[in-house]
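Any read-out appearing in this document is the output of simple, stated calculations on the displayed coordinates, not a laboratory observation. Predicted model, so just to flag it, every value in this text is computed and none were measured. Cβ placement follows ideal geometry from the backbone for every residue including glycine, while neighbour counts extend to all protein chains displayed.
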Amino acid sequence: MDDADRTRADATGLSLREALRSARQEAAERSGVIVELRDASLARLSMLNELLDPIFAEVPPEHADLFDRGLMPGETPRLFVDMVAHIALGRDRRTYRFLQDTRAGRRVLAESTDPRDIAEAVTRYVARRLVAREQALVASSAPDDIAPRPAPHHPAPAPSPAEPARGGRFGVFVLGLILGAIAFAAATALGVNVTLR
């Protein structure tokens with residue numbers, strides 16, 4: 001520490017260099033705690049993932065593409081069940097939250113500290129998704145004689161020559177305004193003195 005640093009430290013009681021060293025230590029300790037919490041969250045989600053293995057082993061192979069299960073590390077680790085549903089841990093790092101993203105926002109499908117409860121909720125979710133897929137496949141492969149027929153198309157009647165088409169007068173008015181604006185802009189650009197009366 002040179003004389004200038006000593007003088008500053010004597011005046012304020014703490015030098016900037018010492019304050020920076022202290023702040024860096026605090027940041028390292030905080031980030032260490034965050035990494036430990038993240039690792040603990042990943043471990044808890046991994047255990048839940050193992051509980052889900054037998055459930056997904058029963059999914060018929062023709063429907064396996066419906067689910068995209070995977071553990072995603074990150075700032076907030078998540079265990080994805082499919083493209084719209086995942087499991088994350090709550091703030092307490094003990095509560096499992098089974099969430100689904102919908103058009104109306106995120107929905108909580110289940111919440112519990114017991115991983116078996118979440119495994120049951122995932123099982124019910126998988127079953128509902130499989131039934132919905134089966135129903136969609138049945139509806140798309142319905143025989144032609146059962147499928148609803150589209151209504152016959154009747155063209156709209158043409159307006160009679162005596163009466164103008166609906167909106168015809170308004171269209172002519174708008175066209176006149178546009179042509180007038182173009183003529184006014186052209187006259188102004190050519191330097192013609194235009195006076196409106």
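Note on residue 138/residue 47: beta-carbon distance plugged into 1/(1 + (r/R0)^6) with R0 of 45 Å gives a FRET efficiency of 0.75.
Phi angles of the stretch 87-104 translate, via the Karplus equation with coefficients 6.51, -1.76, 1.60 and θ = phi - 60°, into HN-Hα couplings of 10, 9, 9, x, 4, 7, 6, 10, 8, 7, 10, 8, 10, 10, 8, 10, 4, 8 Hz per residue; Gly and Pro are given as x. What the Cβ-Cβ distance of residue 17 and residue 76 gives, at R0 = 45 Å and to the nearest 0.05, is a FRET efficiency of 0.80.
Calculate the spin-label point distance for residue 188 paired with residue 113, positioning each point 7 Å from the Cα along the beta-carbon direction, and give it in nanometres. The answer from the label model is 7.4 nm.
A cut-off of 5 Å between modelled amide H atoms, ignoring neighbours fewer than 5 places along the same chain, links residue 109 with 98, 99, 100.
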